[in-house]
Amino acid sequence: MPVKIALPKGRLLDRTAAVLQKAGWGLDEYHQRARSYHLKSPKFPSTSVKVFQEKDIPIQVAVGNYDLGICGLDWVEELLVKYPSSAVVKIKDLRYGAGALFIVASRFGRLTTLEEIKASRGNIRIASEYPNLAALFALKSRLSRFSIFPVWGAAEVYPPESAELALISGEVDAETFNHDLMPVSDGKLLGFSAYLIANSNSWKEKDLSQIAASLDSNCQL
């Protein structure tokens, strides 16, 4: 049966391309300067490959448009927070593309610690590319009033004038951030890396084991 695979462009592209090259997929046109988003693998001739924005891949896999995908765990969790019954299964941690999500505030804002944020009676505005995870943070922190501002990148520029907080991605052990931002107490919300994911129905009904196995020994370069 034909197998459809979604691969990321952007931050994970170079490392994913290197991993797949070592695995012998033969995707010579998968690189930053590629002009085509549709690729074929000589090693797996029954597959068709398409390149997406990373954040779209869990959605494409969940709705069944694609059988397999590679993307960061952060975007998988962003989908599952809102749609926990989505038809996405996490197959394998590929052990590259590590990062973390942090709740940050401006050093010059009126609220700089989690204790101050929880005690505030005002509306706490949170800007993020990850609105579902931002809302989960607010609910778990028992914020009395909050608003989530979904943004497409650059959430870090919102505090302090346009938001009290931002949920942003950074290095795993990041302690400082641009724009005079600082992590609030317990600011690290989620650690993540690149994952191989599958549509749950495809994983049951199609033999995807050979494709998945090709990545076993090729993720650490």
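The values are calculated or read from the model by the stated rules, or taken from the named source; none is laboratory data. What you are looking at is a predicted structure, and each value in this text was computed from that prediction instead of being measured. All Cβ positions, even for glycine, are placed from backbone atoms using ideal geometry, and neighbour counts span all protein chains on display. The accessibility values were calculated without ligands, DNA or RNA, using every heavy atom of the protein model including side chains. Shrake-Rupley method; radii C 1.70, N 1.55, O 1.52, S 1.80 Å.
What FRET efficiency would be calculated for the residue pair Glu205, Tyr83, taking the C-beta separation as r and a Förster radius of 25 Å, to the nearest 0.05? Computed FRET efficiency for Glu205 and Tyr83 comes out at 0.75. The three principal axes of the C-alpha atoms in the chain carry coordinate ranges of 59, 33, 29 Å, sorted with the longest axis first.
In nm, what is the difference between 0.36 nm times the number of residues separating Lys90 and Trp152 and their Cα-Cα distance?
Result for the pair: 19.8 nm of gain on full extension.
Straightening the chain between Ala119 and Met1 buys 36.8 nm, computed as 0.36 nm per residue apart minus the Cα-Cα spacing.
With respect to the chain, whose longest principal axis is taken over its alpha-carbon atoms, helix 73-82 is tilted by about 70°.
For region 58-170, the solvent-accessible area of protein heavy atoms averages 45 Å² per residue (probe radius 1.4 Å; ligands and nucleic acids excluded). Taking Cα atoms only, the orientation of helix 131-140 departs from the longest principal axis of the chain by about 50 degrees. Note on Lys206: aspartates and glutamates with a C-alpha under 13 Å away, same-chain residues under 8 apart excluded, are Asp67. Cross-link pairs exceeding 26 Å between alpha carbons, from the set Lys90/Lys118; Lys9/Lys140; Lys55/Lys92; Lys92/Lys204; Lys43/Lys82; Lys82/Lys140: Lys90/Lys118; Lys9/Lys140; Lys43/Lys82.
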